[in-house]
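The values are calculated or read from the model by the stated rules, or taken from the named source; none is laboratory data. Remember, it's a predicted structure, so these values are computed and weren't measured experimentally. Every residue, glycine among them, receives a Cβ derived from its backbone with ideal geometry; neighbour counts consider all protein chains shown. Keep in mind that these areas ignore ligands, DNA and RNA; they rest on the heavy atoms of the full protein, side chains included. Shrake-Rupley method; radii C 1.70, N 1.55, O 1.52, S 1.80 Å.
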Amino acid sequence: MNLLLTCLLCLTVALLLLWGMLAPGRIYQLPFLVGVMAVSFLLPQLPGLMDDRFLPRGAYERMAAFTILCLAAAWLGWSSTQKPVAFLRRNFGERRLLIVSAVLSVIGAYFYFKLSRLPGDMVVGVQMSGVPVIYLFVARLMTYGLALGVLCLARRTSLFAFSIVAFDLVFYLDRIVVTGKRAEAIELVAIFAVAFWFHRGWLAPRTIALAGVLLGTFLMNSMGDYRAITRANSGPIWQDIGQIDVSANFRATLQEGGLEVRNAILRIDHAATSLEFDYGKFHWNRLVFNYVPSQLVGEAAKRSLMLKTPPMARDYNALTGTTETGMADAFQSFWYFGAAKFFLIAYLLARLWASAKEGQAAGQLVYMLSAVPAMHVVSHQTDWVIMAWVHMVLFLVPSLALAVVPVRRPHADPLAPGRLVHS
């Protein structure tokens, strides 16, 4: 049964990738991106766990079956709508947007610089807390500035937009190289790819995209070694990085399995055995954890805001730095009905894509900033994209409000797509 379900899971992932390869632009859509995350993150961990005698009986089969259900739900959620988000239909002045982009970039870059001055053992491959968290929280503004700059540059080449993008890339690439952040690297590609696809029709060859997926799958299992080097030296030592045995790391994952999928198996099995579920309380607690600063309200007050959820199994002790996958928290919330989380996230992303396709500048911006967090429903948790949206509401929406311009045509359709206008 393990082998059959593993084959079905591999087939499901292959179908998502094939779906993305069959039409132009689909490689930027969520079903394909979810397939990319599954093939690079999940599948290499399965062979070593498929016949693991130390796992609870039936636990692997349950995880594999539920993962198939979640991936199918993501595809169904994406396919069920093509309705744009009316709220995002706003016109923005290009010069105003570039000024906003520049201000956000400078603020974010300052905090990225402050973050880069901290010792590597505080920010690389560890659970950050305190000052580094504050720096990283505000440094996210630079990503917004970069996305706005790229969006304007894709629409019309200008020295102002090019200067903002070049400035941001210095800091952004430094963080990617120093900390080995895969999410930031993928997000950087997504920002440029989506912006230039919608405004200039540029599309990366699908064969190259697929080759990149396979290469990323091969390299992903060596990121721990890369981060260990940069953490110890507060930066990359290329001689040491060149000695990382990528092939051996990949073979070890195939033979022994991965900690992340093992975590998911144990979490799902415990929820299925105990029949104790949090019914979505997980998301409220994550919201409190991420957005209520204990430095201001105190640790006791912060804990009092959190809701009681079912305890972890007594023998469960996840290694720091590993994830539990979105399948684990989805099952922990609603049993097999937790796949609805994947459906809902895909549905909302599909509406953002429809807004972007319609020509809405805000839709394009929000989609390019949401795609990578949404991919992480497979590898990390289903709250990643929700937390990204909350951050956007707090910082990006007020910033965009400063760049809104009224429609100048006296008889303009009030539902006309929101676009960038030269002003």
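Could you check region 34-55 and list, in sequence order, the residues that are in contact (Cβ under 8 Å) with a residue 24 or more places away in the chain and either surrounded by fewer than 17 Cβ atoms within 10 Å (Cβ to Cβ) or not in a helix (DSSP H, G or I) (or both)? Break it down stepwise before answering.
First, pick out the residues of region 34-55 that are in contact (Cβ under 8 Å) with a residue 24 or more places away in the chain: 34-52, 55.
The answer is L46, P47, M50, D51, D52, L55.
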Does region 239-262 include one or more residues that are buried (at least 17 other Cβ atoms within 10 Å of the Cβ) and small (G, A, S)?
yes
Going through region 56-92 one residue at a time, which ones are in a helix (DSSP H, G or I), aromatic (F, W, Y) and modelled with pLDDT under 95?
Y60, F87
Helices (runs of 4 or more DSSP H) wholly in region 320-397 with at least 1 residues that are of a type in the set (A, V, I, L, M, F, W, C), free of Cβ contacts under 8 Å to residues at least 24 places away in the same chain and closer than 30 Å to A228 by Cα - which ones?
384-391
Which one of these does G125 not meet: (1) surrounded by 15 or more Cβ atoms within 10 Å (Cβ to Cβ); (2) outside any helix (DSSP H, G or I); (3) modelled with pLDDT of 85 or more?
(3)
Residue, farthest from I191 (Cα to Cα), within region 203-219, restricted to residues that are open to solvent by less than 50 Å² (accessible area, probe 1.4 Å) and in a helix (DSSP H, G or I):
T217
When region 17-33 is examined, which residues are found to be open to solvent by 20 Å² or more (accessible area, probe 1.4 Å) and not basic (K, R)?
L17, L18, W19, M21, L22, A23, P24, Y28, Q29, L33
Filter result (polar (S, T, N, Q), open to solvent by less than 40 Å² (accessible area, probe 1.4 Å) and out of contact with any Phe, Trp or Tyr (no Cβ under 8 Å at 6 or more places or on another chain)) within region 73-94
N91
Quick check, is T309 assigned to a loop (DSSP other than H, G, I, E, B) and touching a residue at least 60 places away in the same chain (Cβ under 8 Å)?
no
Return the residue satisfying two criteria in turn: it lies in region 63-96 and is more than 25 Å from the chain's Cα centre (by Cα) and of a type outside the set (G, A, S), and of such residues it is farthest from I164 (Cα to Cα).
R90
Which condition number does A272 fail, the rest of (1) over 25 Å from V385 (Cβ atoms); (2) open to solvent by 70 Å² or more (accessible area, probe 1.4 Å); (3) at pLDDT 90 or above being met?
(2)
Checklist (1) buried (at least 21 other Cβ atoms within 10 Å of the Cβ); (2) within 20 Å of A193 (Cβ to Cβ); (3) over 15 Å from the mean Cα position of the chain (by Cα) applied to G338, failing item:
(2)
Just name the residue that is least open to solvent (accessible area, probe 1.4 Å) out of those in region 282-317 that are among the aromatic types (F, W, Y) and modelled with pLDDT of 85 or more.
F282
